[in-house]
There are 4 protein chains.
Amino acid sequence: MSRNRLEAFSDGVIAIIITIMVLELKVPHEATWSALVPVAPVFFSYVLSFFFLGIYWNNHHHLLQVVERVNGRVLWANLHLLFWLSLTPFATGWMGENHFAAYPVALYGVVQLLAAIGYFILARSLLTIHAPDSVLATALGRDFKGKVSLGIYLVAIPLALVKAWLACALYVLVVVMWLAPDRRIEKTIAQ
Amino acid sequence: MSRNRLEAFSDGVIAIIITIMVLELKVPHEATWSALVPVAPVFFSYVLSFFFLGIYWNNHHHLLQVVERVNGRVLWANLHLLFWLSLTPFATGWMGENHFAAYPVALYGVVQLLAAIGYFILARSLLTIHAPDSVLATALGRDFKGKVSLGIYLVAIPLALVKAWLACALYVLVVVMWLAPDRRIEKTIAQ
Amino acid sequence: MSRNRLEAFSDGVIAIIITIMVLELKVPHEATWSALVPVAPVFFSYVLSFFFLGIYWNNHHHLLQVVERVNGRVLWANLHLLFWLSLTPFATGWMGENHFAAYPVALYGVVQLLAAIGYFILARSLLTIHAPDSVLATALGRDFKGKVSLGIYLVAIPLALVKAWLACALYVLVVVMWLAPDRRIEKTIAQ
Amino acid sequence: MSRNRLEAFSDGVIAIIITIMVLELKVPHEATWSALVPVAPVFFSYVLSFFFLGIYWNNHHHLLQVVERVNGRVLWANLHLLFWLSLTPFATGWMGENHFAAYPVALYGVVQLLAAIGYFILARSLLTIHAPDSVLATALGRDFKGKVSLGIYLVAIPLALVKAWLACALYVLVVVMWLAPDRRIEKTIAQ
């Protein structure tokens, strides 16, 4: 079974999720700079989510590069990941419209946590149909960054209810940590 | 005539349908957990439809894998299927916003029934241009699950007007029945 | 220069245009059959436009099949076609919401006329970079159906202002005429 | 690492951005020609942005044609370009709804400037992984048009606050300048 349609479908869904978030930026009715002020928090939440989705697309791209085969279970693991990603526009809009208030920031973390678990499950379901010495297995390795991200989300979610801005800082930390592309896979291919 | 664009176009439409449904999850204006309560039924209807569309994408993927050729009639059979799938966001939104009331649940079943018939027609139109001993014909076989699904919808639609929750349970049953990928095709390819 | 991205981009745009039209079907707030009544004209206009866009996708698919090369001018001719197609949701929504009133029906015809001219220009710009005995030139032939369609639109647009339902009947006639896939191209390939 | 998914993802995002802008054309509730008058400025801003995005897609297509390889940094440079392009619907809607007033026209220029810088960075990041005598390097050359465009934006943005229509004329000038496809690349390939 080929991985082409899996890639094409995931690209389509992620591309649409990213672009649909822009619809939350409501066009102001007045033509002054000050009319843009209420849009600012929605804009910042959009920037954050654009990075998150960009990272997922990037890592998904790297991951699928070294995949030799997929099966029905992988298709569902991928759909599961896309499900949580598809909730990002909702969580982003709620967080932006409420100026990064406690509950919306916590929900945003929950959605990111579940998406991260979804990615983890996708990687595991791929590993079960690849040899332990396959390029995929070598490239994924111990998945250090993936595990650290899960830990950060688990800290950030309860923290959001107390100090929302600190939770946001932790989300930014995750983004910064992943901005470097997944060198493991690029290195392994190069070898 | 190649099947590539048929796949790409179907992937695009299904990806957009899935993602557009998220727009029905209206961002609440307040930042409390209780503000999420009215979103809950819309969310559950979204989850159900995500599964339905995921199943169609999955089965469509499996089906096209074993297709050797397509013709103009197949293109239209495919568009016919996509038409009914494209009504899913409307039926989903109506059902979710009205807390799974009788008529919306019945309409949801009608849309799913028509989509199932559309898939059936697509499979038949493919069979007419493949040999009886082709991989496609062997893989499709008697299409047991497809026929059972049609039967369940025919029961669920009138039932929805009497006991809407029972009809919903039947829809979930269809989802569970299909969650296992279409092993027929995977097995046939493996042989 | 390859035609792959031209196909992929056109597929994407047409898929999104089709799916975005569904957003015009506003979910009713009440859960009765009668609540669906105001949606009916919007639904019929959606069905008509789904057919139109399906025909364009289908013919575009057939046309590109026999294309050997594209150039920058072809890319722009294709974008020009997509521009007029992208106005279909607006024209469809206006026509549906106003129950097929005179001006909206006329505007719908204008958009379809301009899209048909766009398709005509795309076909011509492809012919200029293919030999007169190429498969493309043979397949397109005298383009009888294309010219008849242009004629019907030119009659239907002024007619819409007098008898809107007659203009609608003419639009349906165009759809019926094109529903048969472009046999010219299939036949030419077969030879 | 292959460039296929980079192309597919970019095509998807640009296709969705173009089509989402059509949603800003609000369907009028009345069925008269005069009801279309308030839509006119939104329509003109849509036409302008359709051209801008069409040019980006076209040049992106040409650019990727001569790319031999991509890396993680290129993926991010591409996402950076897509980010600014994704703000086009917002800037377009604000400009159209406010009848090309000073601040919206200036913001539109800022978004176009940042997108142009994004394209410039993408081209540079591709050059760093291609030989100085590669087709890509030869084709890009001194990038005269790219630099002139940046200059025009830098003039147009402050000008918008004084004479908005003059800034709009400059935007149209950029469009006209780019409408000719990037002959450099076509010529270089031909050689």
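The values are calculated or read from the model by the stated rules, or taken from the named source; none is laboratory data. Since this is a predicted model, take the numbers as computed values, not measurements. Here the Cβ is made from the backbone with ideal geometry for all residues, glycine too, and neighbour counts use every protein chain on show.
Residue by residue, here is whether (1) in contact with a Leu (Cβ under 9 Å, 6 or more places away or on another chain); (2) basic (Lys, Arg); (3) buried (at least 21 other Cβ atoms within 10 Å of the Cβ) holds:
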residue: D:Ala35; (1), (2), (3): no, no, no
residue: D:Val39; (1), (2), (3): yes, no, no
residue: D:Phe44; (1), (2), (3): no, no, no
residue: D:His61; (1), (2), (3): yes, no, yes
residue: D:Trp94; (1), (2), (3): yes, no, yes
> Restricting to region A:81-92, what's the tally of residues that are surrounded by fewer than 21 Cβ atoms within 10 Å (Cβ to Cβ) and more than 9 Å from chain B (Cβ to nearest Cβ)?
Replying inline: 1
>> Can you go through B:Ala31, B:Ala115 and tell me which one is modelled with pLDDT of 90 or more, in contact with a Phe, Trp or Tyr (Cβ under 7 Å, 6 or more places away or on another chain) and under 24 Å from C:Ala15 (Cα atoms)?
In response: B:Ala115
> Within region C:1-34, which residues are of a type in the set (A, V, I, L, M), closer than 16 Å to D:Leu6 by Cα and within 7 Å of another protein chain (Cβ to nearest Cβ)?
Replying inline: C:Ala8
>> Whether any residue in region B:22-41 is within 18 Å of the chain's Cα centre (by Cα) and in contact (Cβ under 8 Å) with a residue 40 or more places away in the chain is what I want to check.
In response: no
>> If I filter region B:122-136 for residues that are surrounded by 17 or more Cβ atoms within 10 Å (Cβ to Cβ) and closer than 30 Å to C:Glu24 by Cα, do I get at least one hit?
In response: yes
> Failed condition for C:Gln65, given (1) at the interface with another protein chain (Cβ under 9 Å from one of its Cβ atoms); (2) among the polar types (S, T, N, Q); (3) under 11 Å from the mean Cα position of the chain (by Cα), with all others met?
Replying inline: (3)
> How many residues does region D:168-191 contain that are closer than 20 Å to D:Tyr56 by Cβ and at pLDDT 85 or above?
Replying inline: 10
> Can you tell me which residue in region C:42-62 is nearest to the chain's Cα centre (by Cα), limited to those that are of a type in the set (Val, Ile, Thr) and over 23 Å from D:Phe50 (Cβ atoms)?
Replying inline: C:Val47
> Somewhere in region B:53-71, is a residue without any contact (Cβ under 8 Å) to a residue 60 or more places away in the chain, charged (D, E, K, R) and over 25 Å from B:Trp165 (Cα atoms)?
Replying inline: no
>> Just checking, does region D:128-137 include any residue being facing chain A (nearest Cβ under 10 Å), more than 30 Å from A:Ile55 (Cα to Cα) and outside any helix (DSSP H, G or I)?
In response: no
> Within region A:1-18, can you find the residues that are in a helix (DSSP H, G or I) and touching a Lys or Arg at 6+ places or on another chain (Cβ under 8 Å)?
Replying inline: A:Glu7, A:Asp11
> Are any residues in region C:93-110 of a type in the set (Ser, Thr, Tyr) and within 9 Å of chain D (Cβ to nearest Cβ), and if so, which ones?
Replying inline: C:Tyr103
>> Just checking, does region B:68-79 include any residue being more than 11 Å from chain C (Cβ to nearest Cβ) and within 13 Å of the chain's Cα centre (by Cα)?
In response: no
